Amino acid sequence: MYVARSQIGSMSKRLISETLILVVCLCLWGLPAGAAENPQAVIQTGMEQVLKVIQQYPQDNRAQREQLRAVIDGYFDFDAISRLAVGLRWNTLPPEKQQEFTHEFSKLIFNTFLGDVEKYAAEKTTYKQRSIYQGYVVVEALVGGQTIDYYLHLKNEKWMVYDVGVGGMSLVTNYRNQFDPILANGSFDRLSAILKQKIDQVCALGRC
């Protein structure tokens, strides 16, 4: 059990931290729900909205977190991230377990490194967009000397993030590489329990 916990605990802080920052930037879009916008324009608009939220709640971390999380839940595809990170085993799970895992997994990503959002949100960012195939786009962003690849797909007329690449490393692949040994040596319930324990540790630090 200790080894499994350490696997979750040792997830690359740099990758998840920068990913969360970018998730927040991507998801604070404030765009009309009726039509899909240009993905690059969506991201640029998001950067402005991030700064606005941070400026509005410079000291109140809880209020800031609630505002950011509410928007992220609407525009970041945690269902897809969870499914891709777990892999083929996902299809063997009943819907209630999928929902529970997605809920806990999203909390882990969001709460662990939210404190770094303000540090990077004001960085100057340049963008470049390229299509993968119909309904899938990558937006490359250069922020703070780091290149980030945002992978978006069109879902219900919204561009939603399903993976983020930092320095050539995929968030989904990073998690899958750590989930696979746990699932191979135990059950899905064990993985869920480890995630919850990790979230409890984060919350104990006042970051929930």
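If you check 173, 147, 102 for being buried (at least 17 other Cβ atoms within 10 Å of the Cβ) and polar (S, T, N, Q), only one passes: 102. In this structure, does residue 2 turn out to be at pLDDT below 70 and surrounded by fewer than 19 Cβ atoms within 10 Å (Cβ to Cβ)? Yes; evaluated as a whole, the condition is true for this residue.
Residue pairs whose Cβ atoms lie under 9 Å apart, sitting 6 or more positions apart in sequence or on different chains, and linking a residue in segment 53-73 that is touching a residue at least 40 places away in the same chain (Cβ under 8 Å) and closer than 20 Å to residue 203 by Cβ to a partner that is among the hydroxyl-bearing types (Ser, Thr, Tyr) and surrounded by 12 or more Cβ atoms within 10 Å (Cβ to Cβ), are 65/57; 69/106; 72/106. The conditions are (1) polar (S, T, N, Q); (2) over 22 Å from residue 75 (Cβ atoms); (3) surrounded by 14 or more Cβ atoms within 10 Å (Cβ to Cβ), and residue 185 fails exactly one of them. Which is it? Tallying (1) polar (S, T, N, Q); (2) over 22 Å from residue 75 (Cβ atoms); (3) surrounded by 14 or more Cβ atoms within 10 Å (Cβ to Cβ), residue 185 fails exactly one: (3).
In segment 47-98, the qualifying residues are those that are of a type in the set (Ser, Thr, Tyr) and assigned to a helix (DSSP H, G or I), and the one that is modelled with the lowest pLDDT is 75. Looking at segment 102-204, the helices (runs of 4 or more DSSP H) lying wholly inside it that each contain 2 or more residues that are at pLDDT 90 or above and either touching a His at 6+ places or on another chain (Cβ under 6 Å) or basic (Lys, Arg) (or both) sit at 188-204. Under 7 Å between Cβ atoms, at least 6 apart or on separate chains: pull out the pairs that start in segment 30-51 with a residue that is within 12 Å of residue 127 (Cα to Cα) and end on any residue that is among the hydroxyl-bearing types (Ser, Thr, Tyr) and modelled with pLDDT of 75 or more. Within 7 Å, the pairs are 40/127; 43/127; 43/150; 44/127; 47/125.
Yes or no, residue by residue, for (1) surrounded by fewer than 14 Cβ atoms within 10 Å (Cβ to Cβ); (2) basic (Lys, Arg):
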| position | (1), (2) |
| --- | --- |
| 45 | no, no |
| 69 | no, yes |
| 74 | yes, no |
| 86 | no, no |
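The values are calculated or read from the model by the stated rules, or taken from the named source; none is laboratory data. Just so we're clear, the structure is a prediction, and the values are computed from it rather than from any experiment. Neighbour counts are summed over all protein chains in view; Cβ atoms, including those assigned to glycine, are modelled from backbone coordinates with ideal geometry.
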